Amino acid sequence: QVPEKKLKLVMADKDLYKACAVEVKRQIWQDNQALFGDEVSPLLKQYILEKENILFSNDISFLQNFFSPSPKMRRQGEVVQKLTQMIGKNVKLYDMVLQFLRTLFLRTRNVHYCTLRAELLMSLHDLEISEICTVDPCHKFTWCLDACIREKFVDNKRARELQGFLDGVKKGQEQVLGDLSMILCDPFAINTLALSTIRHLQDLVGQDTLPRESPDLLLLLRMLSLGQGAWDMIDSQVFKEPKMEAELITRFLPLLMSFVVDDHTFTVDQKLPSEEKGPIPYPSAIPEAFTKFLQENRIACEIGLYYILHITKQRNKNAFLRLLPALVETFSDLAFNDIFLHLLTGNLTLLSDEFALEEFCTSLFDGFFLTACSRKENVHRHVLRLLLHLHHKVAPAKLESLQKALEPTKQSGEAVKELYNQLSEKLELRKPNPAEVTETPSMELPLPTVPTPASR
C-alpha cells in the first residue's frame, strides 16, 4: 500500500509511472477512472480487431472456423491475460472494465464486447480469484454456460441449472438480467444455443413431438431471446425478460420441422424402385410464412440461419437452393452479418463441386451475395474470400462475369481492393497461354482501365 502523497508524485512523472509495478498502478487507477480508461482502451481496440481478422481470414474451412477454439484456449489470448493482470483482485477495477464494456457495447452494438465480458470473468475464475467471482452475480451462470460452449451443446442437466439461475433472479435485483443478457449475447453462447435448438428440432421430428411440448427447447428459446434482447435491455434500462411470441413456437418451429420431413421423404422416394413413377422433384416453393418470420422475428431469423448452415454442412444442395432466396431480406440484415457469412463460406466449401454448375452459381451469387455487395462492403469482402478459395471450380464464363461485377469502386475500402487484386492475379495465372491471347490485344487492354456506364 503506497501512501497517497507518493502516488501523486508517481502520477506527476510519466517515466516513473511507466516504470511502476502493476500493484502500484492499481492503487492509482482505482481512484482515476480516466487514466485507467486510457490504459484499457487500446487493449479493447486490439481485441475487436483480432476478432474481425478471424472472421475475414483468407483461410476458409468448415473444420476450422471462428467458433473452433475452446473457451479455455480463447482465455489465453493476450488481451484477456493483460486485463486479468491489470485487475488482479481489485473489485473496483473489475467493475470499471465491465462499465467500459457495457458502454462500448451500447455505443457500437458490437457483440464481441459481450464475449470479452464472459472471457474476463472466466479468466478470473481459472485463477480462483474468489474476491471477484463471489461478488459477480453472473459467475455461476457464466461458468455453467462456459461448459456448454465447450461441448457446443446444452444438455438436460445443465439446462436445468441455467434455468435455476434465471428463475432465481430476485425482485429488486432485476439489473442482474442486464448482465446475464450480455453474457448470453456473446456469439459463442448464441452459437451453442442455436446449434442445440436445431439438434432438438431434429430429435422432436423423430419422436413425433411438437416444439411446445419440449421444456428443454422452450428454455433454449428463452435464453436466445434474452441474449438477442441484450442491447435493448441495457439501452432502455428496463430489466424484464423479453416476451416470447407464441407464433414462434406454434408456427415457425413446426415449419422448420416440416423441412426436415421434406428431406427425409425425398431421400426415401429416391431409394424406391422407379419402374412406374417419374422422377419426383425436390419441393422448391418456400412457404410465405417462413420468409415473413425471417424478416420480422429476430429469434426465428437466427434459428432459420442456423438451419441453413446445418443443411449446407450436410451438403444438402436441394434444401440449400430452396431456402436461399429467403435470405435476401432478413431481420436487421442478419444474413449479411460477418459471423453468418464467415460460417456460410466455410460450409460452402463442402459443396465445391456444385460451383461448376451455372444454375447453382446464379442462385448463390446473383440471387444472394450480389444483391448486397454494392451497399455492404463486408459482403463484398466475403464473396471475394470465397472466390479466392474456390475460383478454380467455377465455370470460366461465370467467373468472368463475377470478376466484372465484383470490381471495386472508388468508394471501396483497401481490404476489398487488396482481395480483388489477389483474385485477379490468380485468374491471370490460370488464363490460356499468351500466344493465343496476343492475337487481339487492342480489344483486351482498354477494358479494365476505362470505366464505361455499363460496367458501373
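Take the residues of the range 225-248 that are among the charged types (D, E, K, R) and touching a residue at least 60 places away in the same chain (Cβ under 8 Å): which is surrounded by the most Cβ atoms within 10 Å (Cβ to Cβ)? Can you show your working first?
The initial filter retains those residues of the range 225-248 that are among the charged types (D, E, K, R), namely 232, 235, 240-241, 243, 245, 247.
After this cut, where a residue has to be touching a residue at least 60 places away in the same chain (Cβ under 8 Å) as well, the list is 235, 240-241.
Numbers: D235: 12, K240: 10, E241: 17.
This residue is E241.
The helices (runs of 4 or more DSSP H) falling completely within the range 104-173 that include 3 or more residues that are within 26 Å of S68 (Cβ to Cβ) and at pLDDT below 95 map to 156-167. Taken together, R212, R251, R222, R199 contain a single residue that is of a type in the set (K, R) and either under 24 Å from Q314 (Cβ atoms) or open to solvent by less than 30 Å² (accessible area, probe 1.4 Å) (or both), which is R199. The single condition among (1) of a type outside the set (S, T, N, Q); (2) modelled with pLDDT of 95 or more; (3) over 24 Å from F56 (Cα atoms) that H380 does not satisfy is (3). Just one of the listed residues (D186, D155, D167) is of a type outside the set (A, V, I, L, M) and surrounded by 19 or more Cβ atoms within 10 Å (Cβ to Cβ), namely D186. Number of residues in the range 122-163 that are out of contact with any Asp or Glu (no Cβ under 6 Å at 6 or more places or on another chain), aliphatic (A, V, I, L, M) and under 25 Å from K45 (Cα atoms): the value is 4. Against the test of being touching an Asp or Glu at 6+ places or on another chain (Cβ under 6 Å) and part of a helix (DSSP H, G or I), the options N378, N421 yield a single qualifying residue, N378. The residues in the range 81-103 that are at positive phi and either in a helix (DSSP H, G or I) or in contact with a Leu (Cβ under 6 Å, 6 or more places away or on another chain) (or both) can be counted, and the count is 0. When you look at D353, is it in contact (Cβ under 8 Å) with a residue 24 or more places away in the chain, among the acidic types (D, E) and either open to solvent by 50 Å² or more (accessible area, probe 1.4 Å) or in contact with a Gly (Cβ under 9 Å, 6 or more places away or on another chain) (or both), yes or no? Answer is yes for this residue.
Among the residues of the range 404-412, is there at least one that is in contact with a helix residue (DSSP H, G or I) (Cβ under 8 Å, 6 or more places away or on another chain), open to solvent by 30 Å² or more (accessible area, probe 1.4 Å), more than 17 Å from I60 (Cβ to Cβ) and part of a helix (DSSP H, G or I)?
Yes, the range 404-412 contains a residue that is in contact with a helix residue (DSSP H, G or I) (Cβ under 8 Å, 6 or more places away or on another chain), open to solvent by 30 Å² or more (accessible area, probe 1.4 Å), more than 17 Å from I60 (Cβ to Cβ) and part of a helix (DSSP H, G or I).
Checking the structure you have, find out if any residue of the range 36-44 is assigned to a loop (DSSP other than H, G, I, E, B), of a type in the set (D, E) and surrounded by fewer than 18 Cβ atoms within 10 Å (Cβ to Cβ).
So far as the range 36-44 goes, no, none of its residues is assigned to a loop (DSSP other than H, G, I, E, B), of a type in the set (D, E) and surrounded by fewer than 18 Cβ atoms within 10 Å (Cβ to Cβ).
Of all the criteria given as (1) open to solvent by 70 Å² or more (accessible area, probe 1.4 Å); (2) under 22 Å from the mean Cα position of the chain (by Cα); (3) of a type outside the set (A, V, I, L, M), the one not satisfied by T134 is (2). Is it fair to say D269 is open to solvent by 30 Å² or more (accessible area, probe 1.4 Å) and either among the β-branched types (V, I, T) or free of Cβ contacts under 8 Å to residues at least 12 places away in the same chain (or both)? When the stated conditions are applied, D269 passes them.
Can you tell me how many residues within the range 286-301 are under 28 Å from T349 (Cβ atoms) and open to solvent by 30 Å² or more (accessible area, probe 1.4 Å)?
2
The values are calculated or read from the model by the stated rules, or taken from the named source; none is laboratory data. Just so we're clear, the structure is a prediction, and the values are computed from it rather than from any experiment. Positions of Cβ are generated from backbone atoms using ideal geometry, with glycine treated the same way; all protein chains shown enter the neighbour counts. Note: accessible area is taken over every heavy atom of the protein model, side chains too, but ligands, DNA and RNA are not part of it. Shrake-Rupley method; radii C 1.70, N 1.55, O 1.52, S 1.80 Å.
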